[in-house]
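None of the figures in this text is laboratory data; all of them are computed from the coordinates on show. Because the structure is predicted, anything quoted here is derived from the model rather than measured. For neighbour counting, all protein chains shown are included, and Cβ atoms are generated from backbone atoms with ideal geometry for every residue, glycine included.
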Amino acid sequence: MRLSKDEAEREAIRRWYALPPHERQTFEDAEAYSWRLAEDLEVRTITDRRKLIAAWLIRELGRSRDQEMRPAASAAEAA
């Protein structure tokens with residue numbers, strides 16, 4: 001079944017978060033997992049499917065790191 005880009009992105013991120021935390025810590029983890037997902041997710045794209053999925057996962061990794069840093073920054077500002 002072919003997915004829209006939005007559907008494929010949601011599914012890739014859902015599967016990313018289904019991994020154990022120690023398997024989704026680095027950009028290298030995201031790149032490696034994108035290879036596996038590219039084989040499973042059928043999405044129409046003009047670019048390399050693996051690179052597109054890797055970009056989604058790397059962006060999500062950056063977002064999660066930002067969220068982790070926000071409470072620490074807020075606590076430091078309050079002190």
Exercise for the section: Positive end of the charge dipole of the chain (Lys, Arg +1 and Asp, Glu -1 on Cβ, about the Cα centre): tell me which of Thr47, Leu19, Ala32 has its Cα farthest that way. Expected result: Thr47
Exercise for the section: Give the residues of region 1-24 whose amide nitrogen is closer than 16 Å to a point set 7 Å from the Cα of Gln67 in the direction of its Cβ. Expected result: 10-22, 24
Problem - Spacing of the two label points (7 Å from each Cα toward its C-beta) at Glu39 and Glu7, in nm - result: 2.3 nm
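Could you give the size of the charge dipole of the chain about its Cα centre, using +1 on the Cβ of each K and R and -1 on the Cβ of each D and E, expressed in debye and rounded to the nearest 20? Don't skip to the end; give the middle numbers.
Details: 15 positive and 16 negative charges, 42 e Å.
Here the chain has a charge dipole of around 200 debye.
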Exercise for the section: Compute the distribution of all C-alpha to C-alpha distances in the chain, in bins of 10 Å from 0, and list the percent of pairs in each, rounded to whole numbers. Expected result: 18, 46, 22, 10, 4, 0
Problem - Built amide H within the under 5 Å cut-off of Val43, gap 5+ - result: Leu3
